[in-house]
Amino acid sequence: MNTNNDTIQGLVGGDYKYGFVTDVEADAVAPGLNEGVIAAISRKKNEPGFMLDWRLKAYRHWLTLQEPRWANLRYPPIDYQSIVYYSAPKKAGQGPKSLAEVDPKLLETYERLGIPLHERERLAGVAVDAVFDSVSVATTFREKLAELGIVFCSFSEAVQQHPDLVRKYLGTVVPYTDNYFAALNAAVFSDGSFCYIPKGVRCPMELSTYFRINAANTGQFERTLIVAEEGSRVSYLEGCTAPMRDENQLHAAVVELLALDRAEIKYSTVQNWYPGDAQGRGGIYNFVTKRGLCKGRESKISWTQVETGSAITWKYPSCVLLGENSTGEFYSVAVTNHYQQADTGTKMIHIGRNTRSTIVSKGISAGHGQNSYRGLVRIRKSAENARNFSQCDSLLLGDRCGAHTFPYLEAANPTARVEHEATTSKIGEDQIFYCNQRGLATQDAVNMIVNGYCKEVFKQLPMEFAVEAQKLLGVSLDGSVG
Amino acid sequence: MTPLLEINQLNATVEGRQILKGLSLTVHAGEVHAIMGPNGSGKSTLASILSGRPGYEVTGGSAALDGEDLLGMKPEDRARKGLFLAFQYPVEIPGVNSTYFLKAALNEVRKARGLPELDALEFLEFIKAKMKVLELDPSLLNRPVNEGFSGGEKKRNEIFQMAILEPRLAILDETDSGLDIDALRIVAEGVNRLRKPDNAQVVITHYQRLLDYIVPDYVHVLHDGRIVKSGGKELAYELERRGYDWLTSEARPVSPELTTA
């Protein structure tokens, strides 16, 4: 904590020696964070004044906060002055020129994930034609969506082209005062996605960050905002299904979802940031704030997440159930292998009458992995006839890993009906032997058993994503049995 | 001719306790052997050792399948070489679809035999015929492996898997336990249909009842970790009449020659 105080002291002192490089020639600002850096980010993005004001307010608020340490996670102090807060997408020529220059191990992983070749090139940061292909693909879809009045673009574009929408909704679900990492994100976020579904429109396709070319090299502080107007419906996929080759980088994203009357938002994530190596070196620190507000009556927000990456995961996709008869759902698979640590779960805040929520969490620990489920179900006094069902299962592979469950339950209305089921089991030696006896190798058997265990969550994912999630699980658990 | 299975002076312990004490048995292709014996005589241990279940330690002797050392192989390699164990207590695997599981198993075995893998359509075609033999409810195939199956369904499912994997050597561990007479008949008929000149079956059972349906060529009595008597199918009837006491009270090892066909 001392370190953080020192950091804050240094910031308050207005030390500009890590100041920014002018934006004309540079792709990135120098490491460090101060109001100058934030102004530079805002200027580089050519943002209107309200954005800079908001960023600076967030930054000043952040300075008053302490980094939260209540999670069941262990990591060395983060030096916020050593981080580069803005890095523009790499230009052609800076990345590897061809697949031949890419780490063969990375390619091997892509191969096993079954990612198509042009996709692999893009994921590896190879600046080739494939990138331009993707641009045209993205444009095609965007035109089709525009006909329906759907806005789907990068956050930067939204700020330029739809400033009124951004101004109206930004920070309404996750204000910058929400928590330490949300404040940091608000101050420095460089890009992200923006999605607006007008009244009564059912989005005809799954929206995915895959469609957007500038997603490939977006910085580590993205911000996503999805607004579903009355009676609209959208399914959004987020995720990079390829490992990133980053060393202990901080990733602090914010996702805000807003559902108005009878609107439905389904948000699916497959998170596979670089988890660090088998010895626990490197890997992403993933501190993410995701929240959905069911503002309208009979609205519905459903989170599905498959978390296999990152060295540290701190993430609680939540639903605030304000509208009458609104519904929140959370389906999660979290895997920790080697030295990965995850503290993840959800919050279901019941405010409106007849609100319902469902939580299904499947934690899998292998190696030295530590996996915690942390979930809050809060039934406010106003939430007449609220119902919640929670199921939290933990599966242990081996005897050096850990599983922990921290359920919090607050019911202020006597009509609430809340059910909680929790199990912890070790993967059955007899199940593995049964598979062995039918000719399946132990690793295949483990993958099969674990996939079976996760089925309830996977079936919530869109088809192609479910297939990828299954493969990813196999890769993540590789080497988890001796 | 190389025997299909040759066990020679096998010694094994479980948690430090010696269960098998010099067991020898030779099985040739085309034969059905029954292994009978009182509870605790080592019948299921023998099945576990041959299939490679963890937790059992071989302390002496040898076992070979088609002349190849069995005991040094991983369990999955034994299976791929054609050793099949019909489990006494088939385990449930929640969430894993039965068809998916079986297809994966069959393709592993086919790969090991140098045969091309079957795709989903070919596989469904392949299993359709096998389903009928065991009067198995087709809906079981869409359910997770053994999950929520009745005792009889689990046992039938074991034999169904055997029909699909077409093993060289099938070991049936107390397959009759928990079956009513109709289920027993169906299971036994299934097993009998799978009997071929180039494969063999070792039927482990406590009761003679099963042997009314699966007629063995040889019957062995296991007691205290050894085979103490071997004979033809009539030995089973004698055991039914006289019990095991007359054998176990004067238990003595028999020489390997006696157990060889």
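The values are calculated or read from the model by the stated rules, or taken from the named source; none is laboratory data. The structure presented is a predicted model; accordingly, all values stated were derived computationally and were not measured. Neighbour counts run over all protein chains shown; Cβ positions are idealised from the backbone, glycine included. Side chains included, ligands, DNA and RNA excluded: accessible areas come from the protein's heavy atoms. Shrake-Rupley method; radii C 1.70, N 1.55, O 1.52, S 1.80 Å.
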* Structure fact -> For B:SER230 the rounded accessible area (nearest 10 Å², probe 1.4 Å, non-protein molecules ignored) is 40 Å²
* To do: Work out how much length B:LEU121 to B:ARG143 would gain on full extension: take 0.36 nm times their residue separation and subtract the Cα-Cα distance, in nm to one decimal.
  => 6.1 nm
* Could you state how much accessible area A:HIS420 has, in square angstrom rounded to the nearest 10, with a 1.4 Å probe and all protein chains kept in place? => 90 Å²
* Asked: Out of B:ASP66, B:ASP245, B:ASP217, any idea which swings most in a Gaussian network model of chain B, alpha carbons joined below 10 Å?
  -> B:ASP245
* Asked: Averaged over A:438-451, how many beta carbons belonging to a partner chain fall within 10 Å of each residue's beta carbon?
  -> 6
* Structure fact -> Mean per-residue count of partner chain Cβ within 10 Å for B:88-98 equals 5
* For segment B:178-186, just list the computed ³J(HN,Hα) in residue order, Karplus coefficients 6.51, -1.76 and 1.60, θ = phi - 60°, integers in Hz, with x standing in for Gly and Pro. => x, 9, 7, 5, 5, 5, 4, 5, 5
* Asked: Summed for both chains, how many Å² of accessible area, to the nearest 100, are buried between A and B with a 1.4 Å probe?
  -> 2000 Å²
* Give the calculated FRET efficiency between B:GLN18 and A:LEU409 to the nearest 0.05, with a Förster radius of 60 Å applied to their Cβ-Cβ distance. => 0.65
* Interface residues, segment A:387-435 - accessible area loss of 50 Å² or more versus chain alone, probe 1.4 Å -> A:GLN431, A:PHE433, A:TYR434
* To do: Starting from the Cα of A:GLN66, step 7 Å along the direction of its Cβ; do the same at A:ARG43; then give the gap between the two resulting points in nm.
  => 3.6 nm
* Asked: For segment B:39-111, what is the accessible area per residue in Å² when the probe is 1.4 Å?
  -> 37 Å²
* Asked: Under 18 Å from the Cα of A:LYS144, which lysines turn up, not counting those fewer than eight places away in the same chain?
  -> A:LYS199
* Listing of segment B:28-52 residues, each with accessible area lower by at least 10 Å² in the full protein assembly than in the chain alone (probe 1.4 Å) -> B:SER51
* To do: Report the local net charge at A:GLY439: Lys and Arg +1, Asp and Glu -1, summed over other residues whose C-beta lies under 11 Å from its C-beta.
  => +4
* Asked: For A:THR344, what charge total do you get from the other residues with a beta carbon under 12 Å from its beta carbon, if Lys and Arg give +1 and Asp and Glu give -1?
  -> +3
